[in-house]
Structure formats: structure tokens, C-alpha cells
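Q: This structure is in C-alpha cells; I'll ask about it shortly.
The values are calculated or read from the model by the stated rules, or taken from the named source; none is laboratory data. Source: prediction; values computed, not measured. Neighbour counts are summed over all protein chains in view; Cβ atoms, including those assigned to glycine, are modelled from backbone coordinates with ideal geometry. Note: areas computed on protein heavy atoms with side chains; ligands, DNA, RNA excluded. Shrake-Rupley method; radii C 1.70, N 1.55, O 1.52, S 1.80 Å.
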Amino acid sequence: MSRLEGLLTALQAFYGALPTPPRDPFTLFVWEVLSAHATPRKRDAAMAALKRMRALTPDAMWRAPQKKLDQSLRLAGPYAENRLQALRTGVDLFRRSPALPAIIRGPLPAARRALKPLPQLGEAGAHRMLLFAADHPVLPIDARVNRVAHRLGYGDAGGDFKRQARSVQEALTRELPATVAAVRRAFLYLSHHGGATCTEGDPHCAVCPLLTDCPEGKKRMANG
């Protein structure tokens, strides 16, 4: 067992089973749009409202009454107009390209190109799409994964975020089995840990299940 797999096993024992992002490409795109600047609880409330409206397909969302759609999006918090515009763009792309789900499940170069026009994804969102909706073993590096990894000693902390994320992705991937299941598990637990315990401003090192193997955590505890 690699060091990383041992860390993930400790996180899994600490947090238990975690929910996964949607597997359907369009539903995952909607989930991504609603996740931006929203807590998981508010995002999930908005997703549930759209599900009750039966608006989680491109055609159904295109036909959905404007007022009801707006009410659902506001459950995710502010930026409802930005979310609506992003969803309209995405709906149009999915409706004009019905083969998009098949394309992203195909060869990676074409899959990456197909995802670029979708708004509000960014690189981490595109990688989540490739991992969870298209079964590519590509590890997404969001801000939470990046932070946790650096504190554990993975990757290069120098340069801009894109360069940091690439170094973290390479370092973590070297210690993971090259399977979709292993990469999904790594992302879910590292990202959740970054939001729940290994937070940016005030990490809860005293209760962290990784403290004994975390250089940053041990330093923080020693400094009091």
C-alpha cells in the first residue's frame, strides 16, 4: 500500500461513505454551475428543486418556465443571473451536440476539446466531468485538494495555481492505482477533507486523522 492509499484509508474510516457527483454529463454540468459560490446544502436544495421540476435534461430545461427555473436557481444563493446564463449556454451546447456524452467518453484529446465551450467548468470542473461522467482516470485538483496535498508534502508550492495543480496531480497520481475507482476515491476524500477539516484559514489539526503523517499539521501543533 502506498502512503497515499494509507492516508485515504484513514480518511474513509474518519468520514465514512461520501456522496458522489452525478454520473450523467448534463446533470453534472448543472451540479457544477450550482456549486460555484454555494454551500453543498444550498446546491443540493437547488438540484432537488430542478429534479422536482423534471428539468435535468437539456430539452426539459430548455422548455422549463422561466419563473420556476429562476426560483430554483435562487435556492443556491447569489449569482442566480450568472447561473441562469451559464445554464442557457450549456443547454444550447448539449442540444446542438447530442453526441457530446459519447464524445467525452471517447479519446481524451477529443473529450477535452468538447468540454471547453461549457461555461463555468474550469480545469477542475472539466476533470470532474471526465472522471465522474466519462470514466477517465483523471484526478481533478480543486483548491481543497491542492491545499491538502501541499500540507501533506505532495507537489510543488511554487508558481501559479495551474502549475501547482499540475505538480500535485502528478505526485498524487504516481501513488494511485490507474483505475477510475481509485481516482474517484482519492478526489472525494481529499476534497471533502479540505472543506471539513483541513480548512484554509483555521485547519482543525487536533482532530485530523492524518496528523501523525502531516508535516504542516505537526508544525502547527508544535507552534501552538
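Q: Pick out the one residue from GLN71, GLN85, GLN66 that is open to solvent by 50 Å² or more (accessible area, probe 1.4 Å) and at pLDDT below 95.
A: GLN66
Q: Could you check segment 121-208 for helices (runs of 4 or more DSSP H) lying wholly inside it with 1 or more residues that are in contact with a Pro (Cβ under 8 Å, 6 or more places away or on another chain)?
A: Here the list reads 122-128, 143-152, 180-196.
Q: Could you grab me the full set of residues in segment 127-146 that are open to solvent by 20 Å² or more (accessible area, probe 1.4 Å) and on the phi < 0 side of the Ramachandran plot?
A: ARG128, HIS136, PRO137, ASP142, ALA143, ARG144
Q: Given the criteria of a type in the set (Asp, Glu) and open to solvent by 70 Å² or more (accessible area, probe 1.4 Å), does GLU123 qualify?
A: Yes: the conditions hold for GLU123.
Q: Determine, yes or no, whether ALA222 is modelled with pLDDT under 95, farther than 21 Å from ASP24 by Cβ, open to solvent by 20 Å² or more (accessible area, probe 1.4 Å) and in a helix (DSSP H, G or I).
A: Yes, satisfied.
Q: I need the full set of residues from segment 156-176 which are at pLDDT 95 or above, over 17 Å from the mean Cα position of the chain (by Cα) and surrounded by fewer than 19 Cβ atoms within 10 Å (Cβ to Cβ), in order please.
A: GLU170, ALA171, ARG174, GLU175, LEU176
Q: Could you please give the count of residues in segment 181-198 that are out of contact with any helix residue (DSSP H, G or I) (no Cβ under 7 Å at 6 or more places or on another chain) and open to solvent by 30 Å² or more (accessible area, probe 1.4 Å)?
A: Looking only at that region, the number is 2.
Q: Tally time: how many residues in segment 28-62 are open to solvent by 40 Å² or more (accessible area, probe 1.4 Å) and among the polar types (S, T, N, Q)?
A: 2
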